[in-house]
Amino acid sequence: MDFWAAADWPLSKDEVQNLAVERFGWSIEVEDGVSYLMNTVSGFTIPDVSTIGSKGSLSYINLRVSDVIRQVTPQSTEFLGDNFALIVREGQQRWGKPAMRKPDGAESASWNLPTGARIILNCNPKSLSAMFQTPQGVEIDRKLGD
């Protein structure tokens, strides 16, 4: 997340995909003329990374930070919860105190960065995911009243 926070926004989807390939070794796959960013180095069963743009500028990057749990058990819930807590603790050291929410059996932590960007970490019953919302994406949400 620090890498994306330090990026020179605004960036297009293509620019972000190329940066991810260069920095993280991810790959770009093209299907029906549309390019998709894939985190193939993680070994996760679902390696896709969502990159959503608006009017040329990227609005957010959404990626998994854990593999998907196939069967929810007390052990898997504890594993995800412990890892969520560790990541939140690390995020607090980097970006300050997060805003915490617990919607519908999930939990999230979010940080508003001085650059206008936002980082959101989600703990769901089956996986952990993170979203980097660009300053442009945060501004769109602000205009929409979110």
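Give all pairs with beta carbons closer than 7 Å in which a residue from the range 83-107 that is free of Cβ contacts under 8 Å to residues at least 60 places away in the same chain meets a residue that is in a helix (DSSP H, G or I) and aliphatic (A, V, I, L, M); count only pairs at least 6 apart in sequence or on separate chains.
Pairs found: 98/88.
Pick from the range 83-128 the residues that are in a helix (DSSP H, G or I) and among the aromatic types (Phe, Trp, Tyr): which of them is nearest to the chain's Cα centre (by Cα)?
Step one: of the range 83-128, the residues in a helix (DSSP H, G or I) are 83-95.
So of that shortlist, the ones also among the aromatic types (Phe, Trp, Tyr) come out as 84, 95.
Working: 84: 13, 95: 15 Å.
Looking at the filtered set, the residue picked out is 84.
For the condition in contact with a Ser or Thr (Cβ under 6 Å, 6 or more places away or on another chain) and open to solvent by less than 20 Å² (accessible area, probe 1.4 Å), what is the one hit in 128, 121? Spell out the reasoning first.
Values: 121 fails: in contact with a Ser or Thr (Cβ under 6 Å, 6 or more places away or on another chain).
After ruling out the rest, the residue left standing is 128.
Please find, among 138, 72, the residue that is touching a Gly at 6+ places or on another chain (Cβ under 6 Å), open to solvent by 20 Å² or more (accessible area, probe 1.4 Å) and aliphatic (A, V, I, L, M). First the steps, then the outcome.
Working: 72 fails: touching a Gly at 6+ places or on another chain (Cβ under 6 Å).
Checking each option against the conditions leaves just 138.
Can you spot a residue in the range 62-82 that is of a type in the set (Lys, Arg), at pLDDT below 95, more than 22 Å from residue 124 (Cα to Cα) and over 19 Å from the mean Cα position of the chain (by Cα)?
No, that holds for no residue.
Might you check whether a residue that is among the charged types (D, E, K, R) and part of a loop (DSSP other than H, G, I, E, B) occurs anywhere in the range 10-29?
Start the filter on the range 10-29 by keeping residues that are among the charged types (D, E, K, R), which leaves 13-15, 22-23, 29.
In the following step, the residues that additionally are part of a loop (DSSP other than H, G, I, E, B) were identified as none.
Scanning the range 10-29 turns up no residue that is among the charged types (D, E, K, R) and part of a loop (DSSP other than H, G, I, E, B).
Looking at residue 52, is it of a type in the set (A, V, I, L, M), outside any strand (DSSP E or B), open to solvent by 40 Å² or more (accessible area, probe 1.4 Å) and under 19 Å from residue 132 (Cα atoms)?
Values: of a type in the set (A, V, I, L, M): yes; outside any strand (DSSP E or B): no; open to solvent by 40 Å² or more (accessible area, probe 1.4 Å): yes; under 19 Å from residue 132 (Cα atoms): yes.
Here the answer is no, as residue 52 does not meet what is asked.
Quick check on my filter: what residues within the range 1-19 are among the hydrophobic types (A, V, I, L, M, F, W, C), without any contact (Cβ under 8 Å) to a residue 40 or more places away in the chain and open to solvent by less than 30 Å² (accessible area, probe 1.4 Å)?
Taking the range 1-19 and keeping what is among the hydrophobic types (A, V, I, L, M, F, W, C), we get 1, 3-7, 9, 11, 16, 19.
In the following step, the residues that additionally are without any contact (Cβ under 8 Å) to a residue 40 or more places away in the chain were identified as 3, 6-7, 19.
Once the filter is applied, which keeps residues that are among the hydrophobic types (A, V, I, L, M, F, W, C), without any contact (Cβ under 8 Å) to a residue 40 or more places away in the chain and open to solvent by less than 30 Å² (accessible area, probe 1.4 Å), the range 1-19 yields only 7.
Report, ordered by the first and then the second residue, all pairs with beta carbons closer than 9 Å, sequence separation of six or more or different chains, a first member in the range 51-78 that is on the phi > 0 side of the Ramachandran plot, and a second member that is in a loop (DSSP other than H, G, I, E, B) and open to solvent by 50 Å² or more (accessible area, probe 1.4 Å).
Every condition considered, the pairs that remain are 56/10.
Can you tell me how many residues in the range 79-115 are more than 24 Å from residue 68 (Cα to Cα) and either out of contact with any helix residue (DSSP H, G or I) (no Cβ under 9 Å at 6 or more places or on another chain) or open to solvent by 30 Å² or more (accessible area, probe 1.4 Å) (or both)?
Of the residues in the range 79-115, 10 are more than 24 Å from residue 68 (Cα to Cα) and either out of contact with any helix residue (DSSP H, G or I) (no Cβ under 9 Å at 6 or more places or on another chain) or open to solvent by 30 Å² or more (accessible area, probe 1.4 Å) (or both).
The values are calculated or read from the model by the stated rules, or taken from the named source; none is laboratory data. Quantities reported herein were computed from a predicted structural model and do not represent experimental measurements. Every residue, glycine among them, receives a Cβ derived from its backbone with ideal geometry; neighbour counts consider all protein chains shown. In case anyone asks, the SASA skips ligands and DNA or RNA and just uses the protein heavy atoms, side chains included. Shrake-Rupley method; radii C 1.70, N 1.55, O 1.52, S 1.80 Å.
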